[in-house]
Amino acid sequence: MISQVLRDARKYEETAGKAIPEEMRPGFHLSTRIGWMNDPNGFSFYNGEYHLFYQYNPYSSHWDTMHWGHAVSKDLLHWRYLPAALAPDTDYDRDGCFSGSAVTLPDGRQLLLYTGVAKETQPDGGTCDLQRQCIAVGDGMDYEKYAKNPVLDDTDLPKDGSRYDFRDPKIFRKKDGSYGCVVGNCDENRDGRVLLFASEDGFSWRFERILAANHGRFGKMWECPDFFELDGKQVVIVSPQDMLPQGFEYHNGNGTLCLIGECDKETGEFVEEHNQSVDYGIDFYAPQTTLAPDGRRIMIGWMQNWDTCPANSSDQPWFGQMSLPRELSIQDGRLIQKPVREIESLRQNEVRHENITFTDVLRLDGVTGRRVDMEIKLRPGDAENIYRKFAVRFAQNDVYQTSVSFRPYEGIVKVDRKFSGSRRAVIHQRRSQVRTEGGRLTLRIILDRFSAEIFVNDGEHVLTATMYTEQAADGISFFADGQVTMDVVKYDLVSER
Ligand code: FRU
């Protein structure tokens, strides 16, 4: 049974989505079919394809009452839209179907676990969003909401838990066939934490424990938690709101946080060993992971951030795209992220320049483009006298440029998209402290029409930024203050079939 609200959304997106020409969209990143997109939801492999749902307002390019958009892909790069999956059409989710996740049931159906939002009137006449966890079950196209929704509400919270900040369930199947889920929450002081729930069948749930708590360290409310095993460690990923900066590790505003640790064998308690940012750039938030059939842990994030959304001009018919899916691993206790290897299938027109030594400004034959996979290996041209600064500039013409620079003495990589078409006074630069020895560094830069994702030292740090630069600005140039030697390999990324 499909509600009128969902039928209307499906009808609208089908016609309005067609009006956006292909070249106005990213080449291989998923963008919203029409209107507005935020968080990835329900990222999963189901019936032979990856499914990716997303926070969705089809009716305008601004956030409003959330639906779930839906797309599928065989290779994580070519996406095909399916009709919207969920609409705010019941009492318990009338003000929005917020973020959630997906799992395959033993009978082959797909279960979606999401946050239903319904505004509650307060004694002073104002309203607050009551947030409860709800289920919809379907076949990969159509989903029916569960008759016993909501399945988790304020009665399942620890005593001091906020019923207005209780959202974004991430479900997973345990080895014994039962289910777990983590949900974002905060206490009376808005201090964030991740709650862990358990279920035998995926439908009826019980509170298990507070899995990880902020204790005032990283921002306030914690949104969009994820919890999984990776390379023998336990990993918690969350997106804290209202962060204060800490050195070069965490920046102000909405951030991303990765906690790596172990679960105590007796008590089940998660014991933190390490914390770090997930992405050190400007536009990345609310990531979610899934397990690929071949065992890879793959993460995808919203390639925007609440703090920088206004960089977008409001006259676009669409707003919101996903990051490139990234393969995760742990090395030396740190989270490592690499572009999914499927991207190599889009590579064409290899251009290679090896052992190029230069100072000042350099352009290289065949090195241009806006959909590009480029690897740069840097070393000093003169080991006795290490260069002071290196930069690569792209999406460049006389007016525009986006740049990634590296200062070996400080060990700082900086992304700067000040000259990338934004007309708003929001953050346009961000820096990250990276590992370097004697001026050596590798950068892998993936450009799509509206974005740059920069993987430093084979994924030790990643910096993501969207760009609004006109497509004609497709120049790439290099800059060195001092003498730099580098190898550059560049491919065009061609996604048209
Ligand atoms: C994170 C978030 C989630 C929420 C959703 C609403 O970006 O705030 O916590 O479920 O967006 O669209």
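The values are calculated or read from the model by the stated rules, or taken from the named source; none is laboratory data. Just so we're clear, the structure is a prediction, and the values are computed from it rather than from any experiment. Cβ placement follows ideal geometry from the backbone for every residue including glycine, while neighbour counts extend to all protein chains displayed.
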Select from the stretch 57-89 the residues that are in contact with a Lys or Arg (Cβ under 6 Å, 6 or more places away or on another chain) and in a loop (DSSP other than H, G, I, E, B) and list them in ascending order.
PRO88
All positions within the stretch 308-327 that are at pLDDT 90 or above, surrounded by 23 or more Cβ atoms within 10 Å (Cβ to Cβ) and more than 16 Å from the ligand (Cβ to nearest atom):
LEU324, PRO325, ARG326
Looking at the stretch 102-120, which of its residues are more than 11 Å from the ligand (Cβ to nearest atom) and surrounded by 21 or more Cβ atoms within 10 Å (Cβ to Cβ)?
ALA102, GLN110, LEU111, LEU112, LEU113
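Mind listing whichever residues of the stretch 162-195 are assigned to a loop (DSSP other than H, G, I, E, B), touching a residue at least 24 places away in the same chain (Cβ under 8 Å) and farther than 14 Å from ASP129 by Cα?
GLY177, ASP187, GLU188, ARG190, ASP191
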Of all residues in the stretch 286-307 being farther than 16 Å from SER44 by Cβ and surrounded by fewer than 22 Cβ atoms within 10 Å (Cβ to Cβ), which is modelled with the highest pLDDT?
TRP306
Filter the stretch 185-208 down to the residues that are over 21 Å from LEU291 (Cβ atoms) and among the small types (Gly, Ala, Ser), then identify the one that is farthest from the chain's Cα centre (by Cα).
SER204
List every residue pair whose Cβ atoms lie under 8 Å apart, where the two residues are 6 or more positions apart in sequence or sit on different chains, the first residue falls within the stretch 111-129 and is under 18 Å from ARG94 (Cβ atoms), and the second residue, located anywhere, is at pLDDT below 95 and not in a strand (DSSP E or B).
CYS128/GLN122
Going residue by residue through the stretch 347-362, is there one that turns out to be free of Cβ contacts under 8 Å to residues at least 24 places away in the same chain and acidic (Asp, Glu)?
no
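Suppose the filter is among the basic types (Lys, Arg), surrounded by fewer than 17 Cβ atoms within 10 Å (Cβ to Cβ), under 18 Å from PRO240 (Cα atoms) and touching a Lys or Arg at 6+ places or on another chain (Cβ under 7 Å); does ARG217 pass it?
In short, no.
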Would you check which residues across the stretch 236-281 are part of a strand (DSSP E or B), among the aliphatic types (A, V, I, L, M) and either within 16 Å of the chain's Cα centre (by Cα) or surrounded by fewer than 20 Cβ atoms within 10 Å (Cβ to Cβ) (or both) and list them?
VAL236, ILE237, VAL238, LEU257, VAL271
Among the residues that make up the stretch 289-302, is at least one of them over 29 Å from GLY48 (Cα atoms), β-branched (Val, Ile, Thr), away from the ligand (no atom under 15 Å from the Cβ) and in a strand (DSSP E or B)?
no
